[in-house]
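J.: Before I ask anything, let me first share the structure, which is written out below as C-alpha cells.
Throughout, read-outs are computed from the coordinates displayed, never taken from laboratory work. Here the structure is a predicted model, which is why all the values come from computation and not from measurement. Cβ: placed from backbone, ideal geometry, glycine included. Neighbour counts: every protein chain shown.
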Amino acid sequence: MILLVAILATPALADDTVLVDRVVATVGSTPITASEVALEEALHARIADLPPADRAVFGRLLTEPREPLEAVVFRAILMETPEFASVRITDDREAYERFSAFEATFEDRKEAAAFRRSWGLARVDLVEYFRISAVLDHTVELAVDRGVRVSEEDERRHFEEHGARMFPGREFEEVREAVARQVYEKKFDQAYQSWRKRLRASARLRYLR
C-alpha cells in the first residue's frame, strides 16, 4: 500500500547506514514491502485476543483471519477497484474510533507512543492508516451489498432451522427484524468470500522472492 511505503521509516545501522526495505510482492504497479507486512502482523497481534465486541470496532478487514501478507495484498487490490474511488467519508470519526481502540490495547500512553516510535510512525500516520482501513471496509460493503437479496422465504427457513435455539418461545413475526439481520449477515459473508476470490484471481499480482 502506498501509504505505508511513505510512512514507514527504514531502519538504520549504528553507523547510520540506511537499510533498503525489501519489496515482497506487487499489485499492479503498487509495491508491497516487508515492513508493511511486519507492521500488519504487529497490528493484528495487538487486537487478536480482544473480546469480539471490542474487536468489532476495527472492521472486517483488520479482524478477519488472514495471513499478514495476504491481508496487505488484498487491501492493495481493493484500492484499485472503482468502488474504492467512489467511497466518500466526510469526517474522521471512524478513524479516531479505531485509533483510540488500538491505543487502549496498551497499558498507557507511553507504551502506545513507544510502539509507534518503534515503527517510525507519528500519531497522524496511524490515524491515517485506520482512516484508510475504514474506507476499505466501506468499499467492501458497497461492492458486495448490491448482490445480496433476502426474501421472506429465506427468513422463514432460517427461523424454522434456528428459531427454537435462538429465539425460544417467540413467534416469527416477533423477531422477524432480528432474523432478517442474521440472514443478511450470512448471505453477505458468503457473497463477500466469493467476490473476494474473484477479485483476487483477476488482480495483477506478483510475489517476489
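J.: For ARG165 and LYS187 in the same chain, what is the full-extension length gain: residue separation times 0.36 nm, less their Cα-Cα distance, in nm?
T.: Once the chain is fully extended between ARG165 and LYS187, it gains 5.9 nm.
J.: Convex hull over the alpha-carbon atoms of region 17-127: what's its volume per residue in Å³?
T.: In region 17-127, the Cα hull volume divided by residue count equals 129 Å³.
J.: Would you compute, from DSSP H runs of 4+ residues alone, the mean residue ellipticity of the chain at 222 nm, taking -39500 (n - 2.57) per run and dividing by the full residue count, rounded to the nearest 500?
T.: -20000 deg cm²/dmol
J.: Right, here's the next one. Could you calculate the contour length gain from ASP54 to ALA122, that is, 0.36 nm times the residue separation minus the distance between their Cα atoms, to one decimal place in nm?
T.: That works out to 22.1 nm of additional length.
J.: Moving on to the next point. Expected output is a single nm value to one decimal: the length gained when fully extending between ARG204 and GLU41, i.e. 0.36 nm times separation in residues minus the C-alpha distance. What is it?
T.: 56.3 nm
J.: Check each of the trypsin sites (Lys or Arg not before Pro) in region 83-112 and keep only those in coil by DSSP with at most 12 other C-beta atoms within 10 angstrom; list them in order.
T.: The qualifying sites are ARG88.
J.: Could you let me know the centre-to-centre spacing of region 145-209 and region 48-96, using Cα atoms, in angstrom?
T.: Centre-to-centre distance over Cα atoms comes out at 19 Å.
J.: Along its principal axes, what span do the Cα atoms of the chain show, with the longest given first and each in whole Å?
T.: 73, 42, 33
J.: While we're on this one: Is there a quick way to get the dipole size of the chain? I mean about its Cα centre, with the Cβ of Lys and Arg at +1 and of Asp and Glu at -1; what is the value in debye to the nearest 20?
T.: 660
J.: If I fit a long axis through the Cα atoms of helix 109-118 and take the longest principal axis of the Cα atoms of the chain, what angle between them do I get, 0 to 90°, rounded to 10?
T.: So the helix axis and the longest Cα principal axis differ by about 60 degrees.
J.: Something else: Specify the angular offset, from 0 to 90 degrees and rounded to the nearest 10, of the alpha carbon long axis of helix 123-145 from the longest principal axis of the alpha carbons in the chain.
T.: 40
J.: Of LEU50, LEU126, LEU136, which has the largest mean-square fluctuation in a 10 Å C-alpha GNM of the chain?
T.: LEU50
J.: Give the residues of region 37-79 whose amide nitrogen is closer than 17 Å to a point set 7 Å from the Cα of GLU107 in the direction of its Cβ.
T.: In region 37-79, the label zone of GLU107 (backbone N under 17 Å from the point 7 Å along Cα→Cβ) covers 46.
J.: Test of understanding: in a Gaussian network model of the chain with alpha carbons linked when under 10 Å, which of ILE32, ILE77, ILE47 would top the mean-square fluctuation ranking?
T.: Answer for the Gaussian network model of the chain: ILE47.
J.: How are the alpha carbon pair distances in region 147-204 distributed across 5 Å bins from zero to the largest one, expressed in percent?
T.: Histogram of Cα-Cα distances, whole percents per bin: 4, 18, 25, 17, 11, 9, 7, 5, 3, 1, 0.
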